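What follows is a set of notes on a single structure, which appears directly below.
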Amino acid sequence: MSTLAHTMMTAARSADSGLANPGELDRYPYAETPAADRVGAPVWDGADPELGRVSRRATSSRGRGLHGQLVQQLGQMIVSGDLGADRPLVPEEIGQRFEVSRTVVRESLRVLEAKGLVSARPNVGTRVRPVSDWNLLDPDIIEWRAFGPQRDNQRRELSELRWTIEPLAARLAAGHGREDVQQRLSDMVEIMGHALGQGDALTFARADAEFHSLLIQVAGNRMLEHLSGIVSAALQVSGGPVTGCERPNESSLTHHARIVDALGGGDGAAAEAAMRQLLTVHPEVERVVPAPREH
């Protein structure tokens, strides 16, 4: 999980943590629509029974209380296909099903709309939008897809995007040498090495996340940095091989160290090559992208 992950995740989610303005809440009115008129209303029985009563869960996995929990649950249901495109979402039914207040429902729908998952229009109501409208680079959506029916495609797509983003970042970073960042990257490699020796996968993953985050930050390209959430999310997705970083081993550690050495020497080509080799350590990734040529 790269620091790069943290940077983008924090930026992308900062908007989610706030409450909606009163005017925004009114966009999701509790219309008193007779049940018989609600054609195609979602069936909630498919939801995880443990998540059915949101109010019983002590804390959100995102640390955002009931609002965050409901965003998680509805988001997962939409991305998994349990709530298909163009399905109506009736706020009062959601509130009753999950036993949360109108304010919580409205805040949650506002967040889902910002992610492109739903739309709210006068005289039409709130409906699930097609996949083509989703913000597929949103860290939450990346995570939901990675643990849903589309998990294989999501992990493949993440690998392909990382192959495009990170080697370029490594090349650019070599031209923006900063001693403080260089030392921090070296520290991360040292921590990863110690964690590998101790069999501490969690510490290895955290150091790895910070390594990749720092690397993109020092590349000196603001637009590239904005895409760091892709790498961040990829490193946080577990349960399947995405990159060599995901499973600590000596080969992964060696390539991280080579990247640091190349950056220290200002050798962009070597830094890029080392990053490409790092991203093809795992055989699953080799099926996605060609291994770099040996010169």
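The values are calculated or read from the model by the stated rules, or taken from the named source; none is laboratory data. Predicted model, so just to flag it, every value in this text is computed and none were measured. A quick note on method: Cβ atoms are made from the backbone with ideal geometry, for glycine too, and the neighbour counts reach across all protein chains shown. Ligands, DNA and RNA are excluded from the accessible area calculation, which covers all protein heavy atoms including side chains. Shrake-Rupley method; radii C 1.70, N 1.55, O 1.52, S 1.80 Å.
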If a residue must be modelled with pLDDT under 90, in contact with a helix residue (DSSP H, G or I) (Cβ under 8 Å, 6 or more places away or on another chain) and either open to solvent by 50 Å² or more (accessible area, probe 1.4 Å) or of a type outside the set (V, I, T) (or both), how many such residues does segment 253-283 contain? 2
Scan R156, R178 and give me the residue that is over 24 Å from the mean Cα position of the chain (by Cα), basic (K, R) and open to solvent by 30 Å² or more (accessible area, probe 1.4 Å). R178
Take the residues in segment 159-175 that are open to solvent by 50 Å² or more (accessible area, probe 1.4 Å) and over 14 Å from the mean Cα position of the chain (by Cα), then tell me which one is modelled with the lowest pLDDT. G175
Every residue in segment 109-153 that is surrounded by fewer than 16 Cβ atoms within 10 Å (Cβ to Cβ) and among the acidic types (D, E), please. D133, D152
Only one of V131, V100, V90, V104 is under 20 Å from the mean Cα position of the chain (by Cα) and modelled with pLDDT of 90 or more; which? V131
Of the residues in segment 74-87, how many are open to solvent by less than 40 Å² (accessible area, probe 1.4 Å), modelled with pLDDT under 90 and among the hydrophobic types (A, V, I, L, M, F, W, C)? 1
Does A219 satisfy being in a loop (DSSP other than H, G, I, E, B) and open to solvent by less than 40 Å² (accessible area, probe 1.4 Å)? yes
Restricting segment 181-208 to residues that are of a type outside the set (F, W, Y) and in contact with a Pro (Cβ under 9 Å, 6 or more places away or on another chain), the one surrounded by the most Cβ atoms within 10 Å (Cβ to Cβ) turns out to be D208
